[in-house]
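Encoded as structure tokens, the structure appears first; notes follow it.
The values are calculated or read from the model by the stated rules, or taken from the named source; none is laboratory data. Because the structure is predicted, anything quoted here is derived from the model rather than measured. Positions of Cβ are backbone-derived with ideal geometry, glycine not excepted, and every protein chain shown enters the neighbour counts. The area values use the complete protein model at the heavy-atom level, side chains included, leaving out ligands, DNA and RNA. Shrake-Rupley method; radii C 1.70, N 1.55, O 1.52, S 1.80 Å.
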Amino acid sequence: MDEVTQAAENLNKEWSQVVAQLEVCVAAIESCGKMGKGAEEESSLPRLNGSAQDSLQLLNALQCRLDLLVEQLPTFEEVKSGKATLGSWKEKYQKLHVSLRNAKLQAKANIRKASQAERELLLGGGEESSLRRQILQTKTGMTSAAGSITESLRRSRHLMVQEVERSANTLSTFDESTSLLRKAEGEYQGHSSLLMRTCRLLSTMQRQDVLDRIVLTIGFLIFSLAVLYVVSRRVGLLALQRRLADAIRSGSVSAEDVASEVQHGPAPANPLTAPPVYGEL
């Protein structure tokens, strides 16, 4: 069976149930006041009227839903049957609306008659009138007591609703706090791993710093030794030049001999005698 056809059948069943409920409410409203208890039956009339109005609104909603489903039925025969059903529903709705209005008028008339009869009975004399007044006073006291109890229950219900809302807010706050704590725990774990990596990196940097200092110290020592060596060699050459210049000026060695020694190398030295200049050098 198609889904639209099944939905239409479900609407038809629901329509029948609501119509039966509304007819029961209309009959109950129409019978108000016939039992001779005007005040009691008048207090139940608003409840019956509200139930009937709810049923009428539900019937109207069912009509709108059927109107939307009729055009979606798969076959032409089903569409035609659905339109006919919708027309019969509208007629039934109008009849029930008129019946409800007539029932209200009848109920008001019956209640008016019952109230008039009770008033005449109360104003009259005799034992029956006194008994009736006592019954009415008892009912009035019971009604006031029931009203106070109802008001107390209403206040208790209101307090319970507030307490439930407060508990729900507390639970939601606890849930939010739990989620925040879980997020904080995850962030803390991430920071812990980051701190561990940072500590390892710092230890590596410290070791590298020590190695760099050692390398720099060794390099500085080698550089200092090289500078000292160069300076010492430079100072020795300068001293040798000054001595050579002094020897040339004093005449012990001529410039030509120095030039020839530079070009051809020094002359072979006599192991027995050596020139004075070489002894000085």
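Odds and ends about this structure:
- One residue stands out in the stretch 8-27 among those that are crowded, with 16+ Cβ neighbours inside 10 Å and among the aliphatic types (A, V, I, L, M): the one that is nearest to Gly82 (Cα to Cα), namely Ala8.
- Contact map, the stretch 223-250: residues that are at negative phi and of a type in the set (A, V, I, L, M, F, W, C) paired with residues that are surrounded by 10 or more Cβ atoms within 10 Å (Cβ to Cβ) and part of a helix (DSSP H, G or I), Cβ distance under 6 Å, separation 6+ or inter-chain. Pairs shown: Ala247/Val277.
- Taking every residue in the stretch 101-117 that is farther than 15 Å from Arg47 by Cα and pairing it with any residue that is hydroxyl-bearing (Ser, Thr, Tyr) and open to solvent by 50 Å² or more (accessible area, probe 1.4 Å), at least 6 positions away or on another chain, the pairs with Cβ-Cβ distances below 9 Å are Gln106/Ser31; Asn110/Ser31.
- So Ala226, is it at pLDDT 85 or above, part of a helix (DSSP H, G or I) and out of contact with any Asp or Glu (no Cβ under 9 Å at 6 or more places or on another chain): yes
- Leading residue by the ranking (modelled with the highest pLDDT) among those in the stretch 59-86 that are open to solvent by 70 Å² or more (accessible area, probe 1.4 Å) and of a type in the set (A, V, I, L, M, F, W, C): Cys64
- Taking the criterion of being aliphatic (A, V, I, L, M) and open to solvent by less than 100 Å² (accessible area, probe 1.4 Å), the residues of the stretch 170-200 that qualify are Ala184, Leu194.
- Matching option when the condition is surrounded by 14 or more Cβ atoms within 10 Å (Cβ to Cβ), under 30 Å from Lys113 (Cα atoms) and either touching a helix residue (DSSP H, G or I) at 6+ places or on another chain (Cβ under 7 Å) or modelled with pLDDT under 85 (or both), among Ser51, Ser43: Ser51
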